[in-house]
1. Under 10 Å, Cα contacts only: if you run a Gaussian network model on the chain, which one of Glu43, Glu124, Glu13 comes out with the highest mean-square fluctuation?
2. In debye, nearest 20: dipole of the range 134-186 around its Cα centre with unit charges on the Cβ of K, R (+) and D, E (-)?
3. Using Cα pairs closer than 8 Å and at least 6 residues apart in sequence, work out the relative contact order for the range 76-128, in percent.
4. Dipole size in debye (nearest 20) for the chain around its Cα centre, Lys and Arg Cβ +1, Asp and Glu Cβ -1?
5. Under 14 Å from the 7 Å Cα→Cβ point of Val120, by amide nitrogen: which residues of the range 235-259?
6. Would you work out which of Gly29, Leu68, Val88 lies farthest towards the positive end of the dipole of the chain, given +1 charges on the beta-carbon of Lys and Arg and -1 on that of Asp and Glu, about the Cα centre?
7. Which of the lysines could a cross-linker span from Lys122 if the Cα-Cα distance has to be under 30 Å and same-chain partners fewer than 8 positions apart are dropped?
8. Could you identify which residue out of Val88, Val15, Val173 has the top mean-square fluctuation in a GNM of the chain using Cα springs shorter than 10 Å?
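Each value in this text was obtained by applying a stated rule to the coordinates, not by laboratory testing. Since we're looking at a predicted model, the values are computed, not measured. Here the Cβ positions follow ideal geometry from the backbone for every residue, glycine too, while neighbour counts run over all protein chains shown.
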Amino acid sequence: EVYYFRNEFLPKEDVRISPEDRGYYFGDGIYEVIRVYKGRMFEAKAHFERFKRTALAVRIPLPDMGELEAALQELIRQNAVEEGSVYVQMTRGTAPRAHNLNADTPPVVMAYCQKLSRPVDKMEKGIAAATVPDTRWQHCDLKTLNLLGNVLLKQKALDQGADDCILHRDGSVTECSSSNLFIVRDNRLVTHPADNLILPGITRNVVIRLAAELELPVEERALTVDELLGAQEVFLTSTVQEIVPIVTVDGKAIGGGTPGPVTQKLQQAFERLILA
Ligand code: PMP
């Protein structure tokens, strides 16, 4: 397995990370996960734009983005991946442990590319979710390495026998542990606005675009837990999972406990897009 690390392509075993890397001490870094279909990055431009936005927000200087994109394409080629994902992260770099930012630490970029099938079984059958209070910080729009909140909240749902959590804060449903959430009601989609309380998902945006093509109205607004439980359909979206129906919430069946027609229509449109 070939990794990209500090501007070099090298075997995973040869990647050497300093114990003083700020990513290791503070989770002080950012990342992206990009899907690879037919050997090419899907929605690459949108992922790089989000990477740039997060870097700016957390004040990590950007590498040459043209070079980075070329390096990731080369990584896909060297690993011979047709269907998979690229993970790329950038930490603030290496410095003795101290909270203040030090302008002299060059960022450390690391990336790998792996084969990864589409989760066809989950896409067809759906998953179970449990509602969990969203105790994360107020910058959920930034794709940073600080994922302990997401990790612990997902585990809460797993401990209850569900597959993922649906998070809610102050009465509103935000998103899932690593995906965005939509409900369907009377042929309309409802999803949380892309503010500081959710990650502005690339797949979320693709779905909003596909909905427009299918003439399905989309409402980006706060949505209550009661609306969620009373929805005709519920689904999540993410780069890795694509569009996955949620067929039970807190043990209660949604829309009869099977994937609904609107979700399936969107899944078909998504598949046409990625296989085009
Ligand atoms: N929300 C969170 C918290 C996530 O980690 C992810 C996965 N990156 C998403 C939403 C979905 O975003 P995307 O569609 O860009 O993968």
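1. In the Gaussian network model the winner is Glu13.
2. Roughly 140 debye for the range 134-186.
3. 43 percent
4. 140 debye
5. none
6. Selected residue: Leu68.
7. Excluding near neighbours in sequence, the set is Lys38, Lys45, Lys143, Lys154, Lys156, Lys252, Lys265.
8. Between Val88, Val15, Val173, it is Val15 that shows the largest mean-square fluctuation.
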